[in-house]
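Undergrad: My structure is below; once you've seen it, I'll send some questions.
The values are calculated or read from the model by the stated rules, or taken from the named source; none is laboratory data. The structure displayed is predicted, hence computed values, not measured ones. Here the Cβ positions follow ideal geometry from the backbone for every residue, glycine too, while neighbour counts run over all protein chains shown. For the accessible areas, the whole protein counts, side chains as well, though only heavy atoms, and no ligand, DNA or RNA atoms are used. Shrake-Rupley method; radii C 1.70, N 1.55, O 1.52, S 1.80 Å.
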Amino acid sequence: MTVTPPVRIGLIGAGGIAGAHLAGYATIPDRVTITAIADAVPDTLARRVEEAGARGYADFLDLVTDPEVDAVDICLPHHLHRDAIVAAAKAGKHILCEKPLCLTAEEAAEVRAAVDAAGVTLMCAHNQLFMPAVARAKEVIDSGALGDVYEVRTTDSFHNDFDPSTMGWRAKAATSGGGEFIDTGYHPTYLLMHLAGGRPVKAFAMMSTHRLTFMEGEDSAQVLVRFDNGSVGQLVTSWAYDAAPGTDRFSVVGEKGSLSSDGTTLRVKLRGQDEQVFEHEAVNTFAAEIVDFVDCLETGRRPLNTEAEGISVLGIILAAYESARTGEAVDVLGV
């Protein structure tokens, strides 16, 4: 199904990350309009409704039935994603959903069934895939220049200033789904899978709480993932500390050479050849993601990451949590 522009967006969840999404839509005002916003917090809803000139709903179940909404953008706390996706799909709305897609294998099965039955487009909001260095790296890998991929590494660590008064729902495992790994750690996980180019089959993990001891979940994670194409991925992610200076944001080693990046500069070194260096300007990845979502709705093109990839990423995360609990490598289960 395609959508005739301007695409009419209903924003579900108006706090926090919703601001970055609204800024993204503002870059293409001729192709999209925000027609409705839902949020359970009256002050937040009132502020966003005035900002966007949209209708306001206290309950997203009312928003998804609005006939003047073509697609919804879900920016809710993690534990509400499944309910919003299923409701939107049943109402025939296309969907952009912030990470994580949902929290459990059972929820993932419900999401897949609802989207398949409705025939709507679901795009996972994996914004870091829109970094120009990532896109160039993927082109290099897919061209075969590196040959078979042996090893992928990703890092996303920073010193987070959360405290008990500001962390809100993220401090509780029931609403966040875990700790740092299912939140910020979701980014290096989907990036790892994207660059590895295979289906995850096994994970081993160690979780730590170094500094943010008031959280129910971990503030740091180190994870190994084996993929069905033989490649092995390693990721490090944390809210407890900044990555050491010089740490690559991502790197890939293959049979014919390697590549690495700090997130902007991409270095490609093929065996027997001089290193190639590609410089990229930083972009607003949220805006790039929004534009791509609208492109997909207008043209019918498959999003870069749909519910299929979202479920695979969740599979890694769930296996990693189980591995951390048991001390054993755990199979990544598909849904």
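Undergrad: What percent does the relative contact order of the stretch 1-85 come to when contacts are Cα pairs within less than 8 Å and at least six residues apart? All intermediate terms of the calculation are to be shown ahead of the outcome.
TA: On the way: 135 pairs, mean separation 31.9, N = 85.
About 38 percent, as a whole number.
Undergrad: Here is a follow-up. Using the eigenvalues of the Cα gyration tensor, what equivalent ellipsoid semi-axes result for the stretch 198-335 when each is taken as the square root of five times the eigenvalue, whole Å, largest first? All intermediate terms of the calculation are to be shown ahead of the outcome.
TA: Values: eigenvalues 147, 101, 73 Å².
Over the Cα atoms of the stretch 198-335, the semi-axes work out to 27, 23, 19 Å.
Undergrad: Return the long-range amide H neighbours of residue 32 (sequence gap of 5 or more, or a different chain), with a cut-off of under 5 Å between placed amide H atoms.
TA: 7
Undergrad: Let me ask something else about it. Tell me, what is the percent relative contact order of the chain, built from C-alpha pairs under 8 Å that lie six or more residues apart?
TA: Values: 756 pairs, mean separation 66.2, N = 335.
For the chain, the relative contact order is 20 percent.
Undergrad: Sorted by accessible area (1.4 Å probe), largest first, how do 259, 304 line up? Each step should come with its number before you reach the end.
TA: Working: 259 5, 304 70 Å².
Putting 259, 304 in descending order of accessible area: 304, 259.
Undergrad: Here's something else I'd like to know. Determine which lysines satisfy two conditions relative to residue 269: a Cα distance under 20 Å, and not lying fewer than 8 residues away in the same chain.
TA: Leaving aside lysines fewer than 8 places away in the same chain, those within reach of residue 269 are 138, 256.
Undergrad: List the residues of the stretch 96-114 whose backbone N lies under 20 Å from a point placed 7 Å from the Cα of residue 51 along the Cα-to-Cβ direction.
TA: Backbone N within reach: 96-99.
Undergrad: Still on this model: Can you tally the net charge around residue 201? Count Lys and Arg as +1, Asp and Glu as -1, for every other residue whose Cβ sits under 13 Å from the Cβ of residue 201. Each step should come with its number before you reach the end.
TA: Working: positive: 199, 202, 226; negative: 228, 331.
Summing Lys and Arg as +1 and Asp and Glu as -1 gives +1.
Undergrad: Also, I was wondering about something else. Can you give the calculated 222 nm mean residue ellipticity of the chain, where each DSSP H run of n ≥ 4 adds -39,500 (n - 2.57) and the sum is split over every residue, rounded to the nearest 500 deg cm²/dmol? All intermediate terms of the calculation are to be shown ahead of the outcome.
TA: Working: 10 runs with 108 residues, N = 335.
So the calculated ellipticity at 222 nm is -9500 deg cm²/dmol.
Undergrad: Something else: When only the heavy atoms of the protein chains count and the probe is 1.4 Å, how do 57, 186, 150, 321 rank by accessible area, highest first?
TA: Numbers: 57 50, 186 0, 150 120, 321 25 Å².
Solvent-accessible surface, decreasing: 150, 57, 321, 186.
Undergrad: Angle, helix 105-118 long axis vs. longest principal axis of the chain, Cα atoms, 0 to 90°, nearest 10?
TA: Once rounded, one gets 60 degrees.
Undergrad: Quick check: residue separation of residue 328 and residue 159 times 0.36 nm, minus the Cα distance between them. What number comes out in nm? Mind showing how you got there, number by number?
TA: Values: separation 169, 0.36 × 169 = 60.84 nm, distance 2.89 nm.
Difference between extended and current length: 57.9 nm.
Undergrad: Tilt of helix 186-196 relative to the longest C-alpha principal axis of the chain, in degrees (0 to 90, nearest 10)?
TA: Taking Cα atoms only, the helix is inclined about 50 degrees.
Undergrad: A follow-up question, please. Could you work out which residue, out of 297, 270, 122, moves most in a Gaussian network model of the chain, that is, has the largest mean-square fluctuation with Cα springs under 10 Å?
TA: 270
Undergrad: Could I ask something else about it? Straight-line reach only, C-alpha to C-alpha below 14 angstrom: list the aspartates and glutamates that residue 172 could link to, leaving out same-chain residues fewer than 8 apart.
TA: Result set, ordered by chain and number: 163, 180, 183, 216, 218, 219.
Undergrad: Note down the relative contact order for the stretch 64-160 as a percent, whole number, built from C-alpha pairs under 8 angstrom at least six residues apart. Walk me through the intermediate numbers first.
TA: Numbers: 103 pairs, mean separation 21.6, N = 97.
Relative CO of the stretch 64-160 lands at 22 percent.
Undergrad: Provide the solvent-accessible area of residue 17, counting protein heavy atoms only and rolling a 1.4 Å probe, rounded to the nearest 10 Å².
TA: 60
Undergrad: Separation between the residue 247 and residue 17 pseudo-spin-labels, each 7 Å from Cα along Cα→Cβ, expressed in nm?
TA: 2.1
Undergrad: Let me ask something else. Quick one, can you get me the convex hull of the C-alpha atoms of the chain expressed as volume per residue in Å³? Before the final figure, lay out each step's value.
TA: On the way: hull volume 44.4 nm³, N = 335.
Dividing the Cα hull volume of the chain by its residue count gives 132 Å³.
Undergrad: Would you please classify the overall shape of the stretch 77-177 from the alpha carbon gyration tensor, given that a ≥ b ≥ c denote the square roots of the eigenvalues, rounded means a/c under 1.5, and beyond that prolate means a/b larger than b/c while oblate covers the rest?
TA: On the way: a/c = 2.39, a/b = 1.21, b/c = 1.98.
Cα axes put the stretch 77-177 in the oblate bin.
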